[in-house]
Amino acid sequence: MLKGIATSSGIAIGKVYKLEQPIIQISESVKEPSKEIEDLENALNKTIADIEQIKQRASSSLKEEELAIFDAHLMMAQDPEFKDQIIAMINDGSNAQLATKTVSDNMISMFESMEDTYFKERAADIKDVSFRLLCNLLGLTIPDLTTINEEVVIVAEEMTPSDTAQLNKKYALGFVTEIGGKTSHAAIMAVALGLPAVVGCTGVMKACKHGDTIILDAKEGIVIVNPDDKQLEEYSQKKEAFLKEKEALQVLLHQPSITLDGHQVELVANIGSPKDMDNVIENGAEGVGLYRTEFLYMESVDSFPSEQAQFEAYKVVLEKAEGQRVVVRTLDIGGDKKLPYFEFDPEMNPFLGYRAIRLCLDRKDIFKTQVRALLKASTYGKLAIMFPMIATIDEFKSAKQFVLDTKEELIKEGVKVSDEIEIGMMVEIPASAALADEFAKYADFFSIGTNDLIQYSMAADRMSEKVAYLYQPLNPAILRLIKMTIDGAHSKGKWCGMCGEMAGDPKAAPVLLGLGLDEFSMSASRILPTRKIITSLNKKDMEDLANKALKCDNEQEVIDLVNSVLKD
Ligand code: PEP
Ligand code: MG
């Protein structure tokens, strides 16, 4: 039995799909040049066929412009100059593998050093195609998550956000990774997809092979490779019980989220894409509290998403919300969220570096496209815009002014823009929590991003499993920062929400309710369990509980307090 970090709920039992990228090791042996050229031609033909096949498979889910990436790859694989350069090296005595690697590496560094972003982006295409070609020369297989066509549990060293985005819920029963913490984006995506997942499970890659049977319990963080009959029976029963409990929650689907003494809060959902909206509605959310737009940028393969593409995505979400509020967060890129077509300068601490609103205020060209798309979509529903990673009042004012100026610009162009857009901010940096009452003069609302707020307050990297013990949402220090933020908002008549993972944590709900949180935004799958808790509590009692919690010495004392009010 292996232990990892529990991320979500649910149990998965199935066959292991081990996600392993092949390691390229160039052979030293050299055959006759004619034989090497034959190997090269066979590998090139297979590479072309592979790309065509991937394009074909992707054509049902990707749009025309997104499929263009495969045409670029095909052109590269069929480029006579690329092939001629490799053949020239083979004729000079190299084997096909070394010649391919050398020619590709030279081309990659040449394109990477160019000023023009179009050519810079081509370097990524060459990397992709040459990796595939080398794998074919070496007889190695590249795993492709989109080809999975049977039910599996994915076991990987790490799942990047784009790996998670490729998962087909029909076949992916869940996943386990060696690396990652509770609030790594892979974990958050798993919760959003309603997939059981265990992260930071050291040793899991070694412990299993493709095709083994695996059990994962995402609530307890337990992973069992090749279970015996008794364990299979036990977990099959647990899975059954979990599904039954989920079914029983359905009675709360259209109920308001009101405490026993009549205090109402909003339970809304976090989404990463318009596709998530069906899930939001099915789970009885009262709107969207966080739309992480960076996924739109991460899913785009070779360029920033256009104004039109963004407009369409925002319009779908607003329309599907049917008049309920949709809080859209502007681009939060950087940290662990990278883009294939945008190069970040290396930094010692990317989580503390050039990211989110810092990048947007510096690269107004990138920011402009998103803000225009958002404002254009604003007439299709109830839009609220929020900026991530705000540290100073000046940053907030600049970002807000930029939105207002862009609105003017659009109106001059004859575009209709809603007059009721709320403009707020995430509170995820301790400095902004400390100054919340001042920020509240300018912001229409706050949404507390506890994933980062805890990371920055405890100085504990949210990606590191070694310091995961410091992810302590109920630590009184964190509760005091939350209180400061909520009180700050209320002092100026503004509302305060929370969209970090803590908002959907059953142990946090009583305290957050007592502290006066107005809006709880979480993965759709957490809405009904949280509504069950809220509707069973008394707000006045929770205020007393929160006051006691604020005076505790440590997190465990707060957990003990909470356990005394939560029945199960
Ligand atoms: C947070 O930091 O709590 C948050 C919601 O943002 P993200 O997890 O996307 O950084
Ligand atoms: Mg954050």
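The values are calculated or read from the model by the stated rules, or taken from the named source; none is laboratory data. Everything numeric here is computed off the predicted structure, so don't read it as measured data. Note: ideal-geometry Cβ built from the backbone for every residue, glycine included; neighbour counts use all protein chains shown. SASA here: full protein model, heavy atoms, side chains in, ligands and nucleic acids out. Shrake-Rupley method; radii C 1.70, N 1.55, O 1.52, S 1.80 Å.
A compact table of results
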{"item": "Protein accessible area in the chain, 1.4 Å probe - carbon and sulfur %", "result": "51 percent"}
{"item": "Positive dipole terminus of the chain, leading residue within Cys360, Ala6, Gly287 (C-beta point charges)", "result": "Gly287"}
{"item": "Probe 1.4 Å, protein heavy atoms only - accessible area per residue of the stretch 359-460 in square angstrom", "result": "37 Å²"}
{"item": "Where only alpha carbons of the stretch 190-319 are counted, the Rg and the Dmax (Å)", "result": "19.7, 56"}
{"item": "Segments 535-547, 279-291 sorted - mean Cβ within 10 Å per residue, highest first", "result": "279-291, 535-547"}
{"item": "Per residue value of the accessible surface for the stretch 1-51 (all protein chains in place, 1.4 Å probe), Å²", "result": "56 Å²"}
{"item": "Angstrom value of the Kirkwood radius, inverse mean 1/r, which spans all Cα pairs in the stretch 266-567", "result": "19.6 Å"}
{"item": "GluC sites (Glu not before Pro) within the stretch 390-421, DSSP loop, no more than 11 other Cβ atoms inside 10 Å", "result": "Glu413, Glu420"}
{"item": "Amide H contacts of Ser418 (H built 1.01 Å from N, under 5 Å, at least 5 apart or other chain)", "result": "Ser378, Thr379"}
{"item": "Most to least packed among 129-140, 222-233 [average Cβ atoms within 10 Å]", "result": "129-140, 222-233"}
{"item": "Cα-derived Rg over Rh, computed across the stretch 420-568 with Rh taken as Kirkwood radius", "result": "0.95"}
{"item": "Average silhouette area of the chain, convex hull of alpha-carbon atoms, in square nanometres", "result": "27.5 nm²"}
{"item": "Segments 445-454, 31-40, 18-27, 510-519 sorted - mean Cβ within 10 Å per residue, highest first", "result": "445-454, 510-519, 31-40, 18-27"}
